[in-house]
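Let me begin by presenting the structure, written as structure tokens, before commenting on it.
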Amino acid sequence: MNVKKAMVLGMARSGIAAAKLLQLRGAEVWVCDMKKKEDFHGALDELERNGAHLLLEEKHPEEHLEGLDLLVVSPGIRIEHPAIARAQAMGIEVVGEIEYAYRESTGLLLAVTGTNGKTTTVTLVGEIFKNAGRTTHVVGNIGTPYSGAVPQMRPGDVTVCEISSFMMETSGKFHPTVSAVLNISEDHMDRHHTMERYVQLKERIFENSGAEDYVVLNYDDPVTRDMANRAKCRVVWFSSRNPVPYGAFVREGQVVFGTPDDFRAICAADEIYIPGEHNLKNALAAAAMATVMGIPAPVIRHTLRTFQGVEHRIEFVRELDGVRFINDSKGTNVDSTIQAVRAMKQPTVLILGGYDKHCDFTPLVEIIKENPIEKIVLIGATANQIAGTLDKCGYTAYEHCGTDFEGAIRRCFELAGPGWNVLFSPSCASFDMFTDYESRGRIFKEIVARLESKQG
């Protein structure tokens, strides 16, 4: 892109990375955020040294758009922001950080979206390509900004990008060679308001795909299965339950790829290192994406056998007095926590609660009642809402800990006995009490590490 003057709105990690890339490409850059300079702890210093104009503690960025060629918005900025409408009215192009990075990038692009399993699948796909000897960049909603990787990219490289619905609100030309939609369940209703809008945004990941491209879809999910009717590219399926017309599925205990009549084995399903039905689906999606790009089955097999999962997703932290502590801070919605609850085979104390995304917790409570969740400790902004759902569903073994996160963890340890689990899978976003789910997960692990034996 030939950009002379640009503003970046929202200076979290992706915004900072976009601003640096714009400067690298020769643009004059304004960076805008409502936070104070000291809140960034030096993260803006390099930008300022290189000539960036800082608009901090700025409540009305729409007043500073004159003369710009481009407005780059971070995923956290809502599409209704006045600056976006004003820029569009002025004829200034508005793109998201992902869109801008895509236009400046090179090499093969694969992208993954869905409600749950994105980070695990993206990381797994990245490992497969790395094990195949390809220089690979794993970026996007996973926490590493796409823009930050662009300067290191070469034409033969592979980029694997995790895509959120927020990112697709400001996409335009974004065009992966292989995309995947893993599943759809209710999430982010506070932002998108309807499931129809949420599904539309997820589908945008393959809206620019053509006859030579691929989209990998979940055959077992009726919403993703219906997306095939609107795909203009080649559809590849994955399923843990059924043979599929073409794609990755399970046949007699083996992960295979092909058609029901003509397939080749990749590995035994029980050889996949990361446990659980949900991770089998993630592995099938990753295998399908890699196979259509020509990665040999032995490379995929080796990766599925050795990949140990991602931080903050059903992550074992510590055992103390026979109590196992499990960090699932990435459980930011109902369906994700359902998967974590189903993975618990021993009596479990569960920590729930956080930022309100306007979701219905009833499906989660019904699953809790069917699994060995002996006690629940509630925290955060949604505590009362979850309590109301628990009461309505007849589950009464819960208590409140407000915003005392450390107190909640210590209370769980008191409630748990030898052979029990303490599962932190909040089923909510983190923004009521924490910066992001990663910070929340790290703090959980730090507190757990400080716990001392109850036996003295």
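The values are calculated or read from the model by the stated rules, or taken from the named source; none is laboratory data. What you are looking at is a predicted structure, and each value in this text was computed from that prediction instead of being measured. Quick reminder, even Gly has a Cβ in these numbers, built from the backbone with ideal geometry, and neighbours come from all protein chains shown. Surface areas here come from the heavy atoms of the whole protein model, side chains and all, with no ligands, DNA or RNA. Shrake-Rupley method; radii C 1.70, N 1.55, O 1.52, S 1.80 Å.
Okay, here's what the table says:
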| read-out | value |
| --- | --- |
| Solvent exposure, largest accessible area first (probe 1.4 Å, DNA, RNA and ligands not counted), of Trp237, Trp420 | Trp420, Trp237 |
| Using a Förster distance of 22 Å, the FRET efficiency for Glu277-Thr306 (Cβ separation, nearest 0.05) | 0.65 |
| Where Ser240, Ser165 fall by accessible area, highest first, once all protein chains stay in place (1.4 Å) | Ser240, Ser165 |
| Debye intensity ratio in log₁₀ form over the Cα atoms of the chain, taken at each q of 0.07 Å⁻¹ | -0.37 |
| Accessible area per residue in Å² at 1.4 Å probe, computed on the chain | 41 Å² |
| Largest-first principal axis extents of the Cα set of the range 331-456 (Å) | 41, 32, 23 |
| Overall Cα dimensions of the range 1-154, principal axis frame, Å, largest first | 49, 33, 32 |
| Extension gain, Glu370 back to Leu24 (0.36 nm per residue minus Cα-Cα distance, nm) | 119.1 nm |
| For the range 245-266 and the range 320-341, distance of Cα centres in Å | 31 Å |
| Calculated SAXS-style log₁₀ I(q)/I(0) at q = 0.28, 0.32 Å⁻¹ - the range 345-388, Debye, Cα scatterers | -1.08, -1.23 |
| Volume per residue of the C-alpha convex hull in the range 223-269, rounded to whole Å³ | 74 Å³ |
| Accessible carbon and sulfur surface of the chain relative to its total accessible area, %, 1.4 Å | 47 percent |
| Label-zone membership for the range 409-451, site His400, 7 angstrom Cα→C-beta point, backbone N under 17 Å | 409, 433 |
| Between the range 1-79 and the range 285-318, the alpha-carbon center distance in angstrom | 36 Å |
| Over the chain, relative contact order from alpha-carbon pairs under 8 Å, at least 6 apart, % | 11 percent |
| Added length on full extension, which subtracts the Cα-Cα distance from 0.36 nm per residue, Arg241 to Ala381 | 46.6 nm |
| Largest to smallest principal axis extent of the C-alpha atoms in the range 1-86, angstrom | 31, 30, 20 |
| Alpha-carbon gyration tensor eigenvalues x 5, square-rooted, for the range 100-222, Å | 24, 15, 14 |
| Length gained when the stretch His193-Ala211 is fully extended (0.36 nm per residue, less Cα-Cα span) | 3.2 nm |
| Most to least packed among 273-281, 353-361 [average Cβ atoms within 10 Å] | 353-361, 273-281 |
